[in-house]
Amino acid sequence: MNIKKSIVLRIRIAFLVILLFSFAIGYKIVSIQFLKSERWAKLHEENLLDFKDVKPTRGNIFSADGSLLATSLPFYRVCIDPTIADNDTYRKGIDKLAINLQNYYKDKTASEYKRKINDARRGNKRYIILNHKLINYQDKKLMSEWPIFSEGRSRGGIVFEKVDKRFMPFSFLAQRTVGFVNEENNGAGLEYSFNKELAGKNGKALFRKMSGGNWKPVHDENEIMPVDGIDIVTTIDINIQDVAEASLRNHLAAHDADYGCVVLMEVATGEIKAIANLGKVGEGRYAENYNYAMGNQGLTEPGSTFKLASVIALFEDTDINLADTIDTGNGEYEFYDRVMRDSKPGGYGKITLQQAFEKSSNIAISKKVNEYFGAKPEKFLEYIRNMGLTEPVVFQMDGVAKPYFKSTASKTWSGTTLPWMSIGYELSMSPIHTLSFYNGVANNGKMVRPMIVKQTRVADHILDSYETEVVVDRMCSDETLRKVKIMLEGVVENGTASNIKNVNYKIAGKTGTAQRLVKQSYTRTYYTSFVGYFPADRPKYSCIVVIDNPKGYNLYGSDVAAPVFKEVADKIFAQDLELHKPMVEKIMENPGIYPAIKGGLFDDMKYLCDELKIPHHKSSNANDDWVVSHLENKTVIWYDRKIVTGIVPNVNGLKLKDALYVLENIGLHVNYQGSGRVVSQSITAGTRYNKGNHITLVLN
């Protein structure tokens, strides 16, 4: 009986618990559905709506002449609210719209597009992306005329979502200099260095979350418009940039080199007119994959180009002269436990300091530096600091490498450090730093900061202009400058770079060929360079060329890097008329009133005189087509130039065209030298000849 009562009691308790639990659940449901409906509706609305950033249009990057290096082009994603159009508009237009979508995108059939839009309309979906492929502005205009789309946003439901894409009109030209910025705001080049200015400011707009996770813009009064980015104007000359990249690419491929760079700077202002960086990306293929001119990968031992700093220190601290002699011996010299060698087998023997620089003798420069500074190396380093070489180049672009120079307190400083440092080893500099140094010499001892951006602006309104900044006001004395300029010209006139000497303008500079350090050992691979300025007598441009690890024969800077310098300089000289010296006007003793008319085909001579209104006529017995002139009483009289078969005619005074016509028509083969009119002929007039004989004309 007790057991029975206990079981019944337990059943009643369980039933009561179930009843209470059911009541609690019911109350919760009622509370959610009725008592808290407004709160849940609000939460639901909050989850579907969100204020999101609206990206501004990024600023443009211009070259010095206003050409676009980078710009943002508008593209559009095509979306639609299929519930907006009224039934009549929708019914009349859906078939044609589906066909247009099929013909344009070519990824679905018209029936598939129609089904997609119909399903969304029946399901009351307020937003669908018709295709993820972006269209350009011209296609947007075209699509705006399509059925349903032509009704616009408010009556047709069409939504063209704008997406800006970065575009470089010159394709890969100056690609690394222009640079990029990724979604994490990391990047390189001007795009990254001037990202704050170019990016503008984000706006804010309300977006509604749609099915499928897409967000549709909801335009309301709280929308904040974005502020577009500002433009930057660079110093880059697009024509010089093109020449620099083309020449560098050709020579890199010819020597199967690892990488190279070219930087060209305006001497007085420091404005960079071209900066090309190319690295090997495949067999015979090169691309702008790194800024070797500035970055850490381009930071290396410069080699012989550093000898300029060494001789400046010598001239500043001693009374040494260009004509002082140095015995370099047989081309090998021992500094403590290390042997230094010159490139010439057997050595240069006894040479002057100027010859040592022109021929790039390692032994001569090191012996002199060690002789005067061996006991006081800190003094040598002080001169290097005063030239602005130990501090990094402060530049408008991020990522400039810091130079490396040992101090005398360094654990690795030894008795051989100074001799090797004097010729560009046991230190590291970037190409742009070396160029700044040489540019300072060209600029009469005033080192200026390299500059690549000269303006920021909005439309035609200039916001900021960047002026030339002086880094070192006086690198050395005027007398030292005079001496080193002679030496730098001598390198091209008589020394290692004589292969780029030319008659039109003078180049001053220095070759560099440094063995590359790999895993703490110097290898038989080379870092070649040439750096200098032109025209040497009135410098306007400075330039450095680096080609790393060339293969094959003739691996010196003069053979590999200097020809690139010459090609770039030739192009600039051809197009920059300010570099050309004015021609001296030739003064004629008695020019008279007529131009020089010596003779030719009578019809041509008659036309010329008639056009110039010069009195002329044939002599009474002149009947031949070919005539010579004679001035009588301010009138040109034409006389026959007799051409007799089998006899060499007199073609003196004729232009080349006429002389060729006369001589080749009678069977002679003509060679000629010079330009202008014929002044002599190898077969005397009146001599008999045979067809096929050769005759040489000299013109002047």
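FYI, it's all coordinate maths here, none of it is from the lab. Because the structure is predicted, anything quoted here is derived from the model rather than measured. Counting neighbours? That spans all protein chains shown, and the Cβs are built from the backbone with ideal geometry, glycine included.
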Nearby aspartates and glutamates by direct alpha-carbon distance to LYS581 (threshold 14 angstrom, same-chain neighbours under 8 apart not counted) = ASP537
query = What FRET efficiency would be calculated for the residue pair ASP256, ARG153, taking the C-beta separation as r and a Förster radius of 56 Å, to the nearest 0.05?
reply = 0.45
key: Ordering of 315-324, 268-277 by packing [mean C-beta count within 10 Å, highest first]   = 268-277, 315-324
request  = Give the label of the value calculated from the structure for volume of the Cα convex hull per residue in Å³, choosing from [x] 382; [y] 262; [z] 156.
outcome  = [x]
ask   = Under a Cβ-Cβ cut-off of 10 Å, what is the net charge of the residues other than TYR404 that fall near it, where Lys and Arg count +1 and Asp and Glu count -1?
value = 0
request  = Could you work out the mean projected area of the convex hull around the alpha carbons of segment 354-507, in square nanometres to one decimal?
outcome  = 12.4 nm²
key: Positive-end extreme of charge dipole, segment 240-579 - chosen from ASN330, VAL267, VAL453 (charges on Cβ)   = ASN330
request  = Which order do the peptides 438-447, 123-132, 358-367 take when ranked by the mean count of other beta-carbon atoms within 10 Å per residue, highest first?
outcome  = 358-367, 438-447, 123-132
query = Out of the DSSP beta bridges found with both residues in the chain, what percent are antiparallel (nearest 5)?
reply = 90 percent
query = What's the extension gain from THR352 to THR318 if we count 0.36 nm per residue and subtract their Cα-Cα distance?
reply = 10.7 nm
ask   = Quick one: if you stick a label point 7 Å off each Cα along the C-beta vector at ALA375 and LYS402, how many nm between them?
value = 3.5 nm
ask   = For segment 240-579, what is the Kirkwood hydrodynamic radius in Å, using each pair of distinct C-alpha atoms?
value = 20.1 Å
key: Hydrodynamic radius (Kirkwood) for segment 52-231, which is based on Cα pairs only, to one decimal in Å   = 18.4 Å
inquiry  = As an exercise, use a Förster radius of 60 Å and the Cβ-Cβ distance of LYS634 and TYR672 to find the FRET efficiency, rounded to the nearest 0.05.
reply    = 0.95
remark   = So SER680 and ARG115, fully extended at 0.36 nm per residue minus their Cα-Cα distance, gain in nm 194.4 nm
ask   = Among ILE614, ILE230, which comes first, second and so on when ranked by fewest other beta-carbon atoms within 10 Å?
value = ILE614, ILE230
query = Among ARG58, ARG115, ARG524, what is the fewest-to-most ranking by other Cβ atoms within 10 Å?
reply = ARG524, ARG115, ARG58
task = Per residue, how big is the convex hull around the C-alpha atoms of segment 599-699? Give it to me in cubic angstrom, could you?
result = 99 Å³
query = If the chain between ALA574 and ILE647 were fully stretched, how many nm would it gain, using 0.36 nm times the residue separation less the Cα-Cα distance?
reply = 21.7 nm
query = Among all the aspartates and glutamates, which ones have a C-alpha under 19 Å from LYS350's C-alpha, if same-chain residues fewer than 8 places away are not counted?
reply = ASP324, ASP327, GLU332, GLU334, ASP342, GLU358, GLU371
task = Mean Kyte-Doolittle of at least -0.5 plus a Cα span of 27 Å or more along the axis: flag which DSSP H helices in the chain meet both, please.
result = 2-30
ask   = If the cut-off is a Cα-Cα distance under 18 Å, which aspartates and glutamates reach LYS540, setting aside same-chain residues fewer than 8 apart in sequence?
value = ASP237, GLU266, GLU271, GLU467, GLU469, GLU489, GLU567, ASP570, ASP576, GLU578
ask   = So how many Lys-Lys pairs in segment 599-699 land under 16 Å Cα to Cα, not counting same-chain pairs under 8 apart?
value = 6
ask   = Taking the simple approach of a point 7 Å from Cα along Cα-to-Cβ for both GLU382 and ASN202, what is their distance in nm?
value = 5.5 nm
query = Which of the residue pairs LYS368/LYS506; LYS376/LYS446; LYS114/LYS141; LYS273/LYS566 have a Cα-Cα distance greater than 19 Å in the structure shown?
reply = LYS368/LYS506; LYS376/LYS446; LYS114/LYS141
query = Got a sec? How would SER529, SER675, SER144 order by Cβ neighbour count within 10 Å, fewest to most?
reply = SER675, SER144, SER529
